[in-house]
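The values are calculated or read from the model by the stated rules, or taken from the named source; none is laboratory data. Just so it is clear, the model here is predicted, and its values are computed rather than measured. As a convention, Cβ positions derive from the backbone with ideal geometry for all residues, glycine included, and neighbour counts pool all protein chains shown.
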Amino acid sequence: MKVLETLAKLCAVLAGVLLTVITLMTCASVIGRNTTGWTIVGDFELSGSAAGAAIALFMPWCQVRRGNIIVDFFTGGASEAARERLDRFGALMVAAVMALMAWRTTIGGLSAWRSNSGSMMLGFPEWVVYCAMVPPLALAALIGLVQAARGFQRPGVA
């Protein structure tokens, strides 16, 4: 699990860098537009594409940290063993959904590549964004599978 956690951290850092670059690009474009009339052509296209990739890149870290929403209203009075089984089942369901998303994103990327689909202003190839999304989605699925099989580490337990 340590390797998967390291990969998840790497994905999250990459997503943070990507969002920082988007923010700087957007600021430069807005400042330029309002001061000199100069703007970055297609900045909104690049922002949208990068934001989609960043969301996918954050998913493995979210799963490692168990950052998904858990509704424990009905399980508050359940035993620790019952909650553990439900948490493992939840991790399995997240793994299934992430695997499904990775598969469908792969199909979408191949379709975009075959059709030479690109953004409207820049013609930026859409398949590039799909390629950036598939590995972190697959990693999130793998992390969910491992969590479902092994359970979750308690704080302070090695």
Being crowded, with 19+ Cβ neighbours inside 10 Å, closer than 16 Å to VAL128 by Cβ and at pLDDT 95 or above narrows LEU57, LEU46, LEU14 down to just LEU57
Taking into account only those residues within segment 104-144 that are more than 13 Å from the chain's Cα centre (by Cα), part of a helix (DSSP H, G or I) and of a type in the set (Ser, Thr, Tyr), which is farthest from ALA53 (Cα to Cα)?
SER111
Could you tell me whether any residue of segment 88-103 is at pLDDT below 95, in a helix (DSSP H, G or I) and of a type in the set (Phe, Trp, Tyr)?
yes
Of these, THR105, THR26, which one is surrounded by 15 or more Cβ atoms within 10 Å (Cβ to Cβ), in contact (Cβ under 8 Å) with a residue 24 or more places away in the chain and of a type in the set (Ser, Thr, Tyr)?
THR105
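Residue-by-condition table, conditions (1) touching a helix residue (DSSP H, G or I) at 6+ places or on another chain (Cβ under 8 Å); (2) within 30 Å of THR6 (Cα to Cα):
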position	(1), (2)
ASP72	yes, yes
PHE89	yes, yes
ALA99	yes, yes
SER111	no, no
PHE124	yes, no
TYR130	yes, yes
LEU142	yes, yes
GLN147	yes, yes
GLY151	yes, yes
